[in-house]
């Protein structure tokens, strides 16, 4: 899993160059799309505050969880550089501010500053390794309950907020969890109830909110001996 963001991996000079060429700044509120799948990509962004979720949408309308991005991460670079449509939708989870990089300016920076290009390759390789590892975890899940628990672990690691009640996930619905796991809504509901009965999850009434109150038990459930 990536531990150093794109921005953190740059030298001061490289950060200064991207600051110089990325003059446009934008704000997004929770729920707003930073990018929308299938729309042609003409720019990339670097998050300067806040966090967002990346989700791919399949032809049948279901979704695939691709991860979360936070301060210092770059988003949208592949579609921009390839002049192709976005392959995922990026949604703000919190108020987000970004620095916008145009295609021509970013391409010039990559050619003039090899360190920026190498850092970008590192980020892409880390994301690919993480995605491949998680696909292997899901494929190796013996039951639907295990598959959902593994998905919860991934989302908690990317988006969870520690509180006195446990690790809180906001803006996550049962339907989304079902889609991300390749399960029916009914199966996802049954799996979540089992976790609540075992007191791994709190029985929260608020919609699109999940509280993990026993992380060690969730890990044990996700990866049984």
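The values are calculated or read from the model by the stated rules, or taken from the named source; none is laboratory data. All figures in this text were calculated on a predicted structure; none of them were measured in a lab. All Cβ positions, glycine included, derive from the backbone under ideal geometry; neighbour counts span all protein chains shown.
What to note about this one:
- Count of the stretch 200-225 residues which are surrounded by fewer than 19 Cβ atoms within 10 Å (Cβ to Cβ), part of a loop (DSSP other than H, G, I, E, B) and touching a helix residue (DSSP H, G or I) at 6+ places or on another chain (Cβ under 8 Å): 4
- Looking across the stretch 202-219, the residues that are under 24 Å from residue 135 (Cβ atoms) and modelled with pLDDT of 95 or more come down to 212, 215, 218, 219.
- Residue in the stretch 78-90 that is more than 16 Å from the chain's Cα centre (by Cα) and buried (at least 20 other Cβ atoms within 10 Å of the Cβ) present: yes
- Residue list for the stretch 38-57, restricted to those being in a loop (DSSP other than H, G, I, E, B), in contact with a strand residue (DSSP E or B) (Cβ under 6 Å, 6 or more places away or on another chain) and either modelled with pLDDT of 95 or more or crowded, with 19+ Cβ neighbours inside 10 Å (or both): 50
- Given (1) modelled with pLDDT under 95; (2) over 30 Å from residue 16 (Cα atoms); (3) outside the structural domain of residue 72 (by TED's automatic domain parsing); (4) part of a helix (DSSP H, G or I), index of the condition residue 132 fails: (3)
- Residue in the stretch 9-17 that is surrounded by 13 or more Cβ atoms within 10 Å (Cβ to Cβ), modelled with pLDDT of 95 or more and touching a strand residue (DSSP E or B) at 6+ places or on another chain (Cβ under 9 Å) present: no
- Selection of the stretch 84-112 for residues being more than 23 Å from residue 156 (Cα to Cα) and in a strand (DSSP E or B) yields 85, 98, 99, 100, 101, 102.
- Count of the stretch 100-111 residues which are surrounded by fewer than 19 Cβ atoms within 10 Å (Cβ to Cβ) and touching a residue at least 40 places away in the same chain (Cβ under 8 Å): 6
- Failed condition for residue 65, given (1) out of contact with any helix residue (DSSP H, G or I) (no Cβ under 7 Å at 6 or more places or on another chain); (2) surrounded by 15 or more Cβ atoms within 10 Å (Cβ to Cβ): (1)
- Residue identified as on the phi < 0 side of the Ramachandran plot, in contact (Cβ under 8 Å) with a residue 40 or more places away in the chain and surrounded by fewer than 20 Cβ atoms within 10 Å (Cβ to Cβ) among 175, 127: 127
- Residue that is assigned by TED's automatic domain parsing to the domain that holds residue 17, under 22 Å from residue 51 (Cα atoms) and either touching a strand residue (DSSP E or B) at 6+ places or on another chain (Cβ under 7 Å) or surrounded by fewer than 13 Cβ atoms within 10 Å (Cβ to Cβ) (or both), where the choices are 97, 122: 97
- Any chance residue 72 is at positive phi and modelled with pLDDT of 95 or more: yes
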